[in-house]
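The values are calculated or read from the model by the stated rules, or taken from the named source; none is laboratory data. This is a predicted model, so every value here is computed, not measured. In case anyone asks, the SASA skips ligands and DNA or RNA and just uses the protein heavy atoms, side chains included. Shrake-Rupley method; radii C 1.70, N 1.55, O 1.52, S 1.80 Å.
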Amino acid sequence: MDVNTLIKIAGIGMLVAVSCQILSRAGRDEQSALVSLAGVVVVLLLLVDKIGNLFSTVRSIFGL
């Protein structure tokens, strides 16, 4: 995993954390939960290619 991906994930995490705090203090807990869920989805979309490479590597190692 390269450093750029880690920095992107950390940036998304900080942005989501700040926006969730702002929304929850404003009394919009439902929107805060949706922002949190959207952050998780965005990070998973960033990692889907790397997860696919991991599974193919594991398959080639174990000969499946």
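What are the ³J(HN,Hα) values, in whole Hz, obtained from phi via the Karplus relation 6.51 cos²θ - 1.76 cosθ + 1.60 with θ = phi - 60°, for each residue of the range 36-46 in sequence order, with x given for Gly and Pro?
Listing the rounded values in order: 4, 5, 5, x, 5, 5, 5, 5, 5, 5, 5 Hz.
Could you report the chain's accessible area per residue, 1.4 Å probe, as an integer in Å²?
80
By how many nm would the segment from ILE12 to PHE55 lengthen if fully extended, with 0.36 nm per residue of separation less the alpha-carbon distance?
Contour length minus the Cα-Cα distance gives 13.0 nm.
Using the reciprocal of the averaged 1/r over all distinct C-alpha pairs, how large is the Kirkwood radius of the chain in Å?
Taking the inverse mean of 1/r over all distinct Cα pairs, the chain comes out at 13.5 Å.
Need the full-extension length gain, VAL43 to SER19, defined as separation in residues times 0.36 nm minus the C-alpha distance. One decimal, nm.
7.0 nm
How many percent of the accessible area of the chain is carbon or sulfur, using a 1.4 Å probe?
The nonpolar share, carbon plus sulfur, comes to 69 percent.
With everything on Cα atoms, drop me the angle between helix 3-25 and the longest principal axis of the chain, reported from 0 to 90° to the nearest 10.
30
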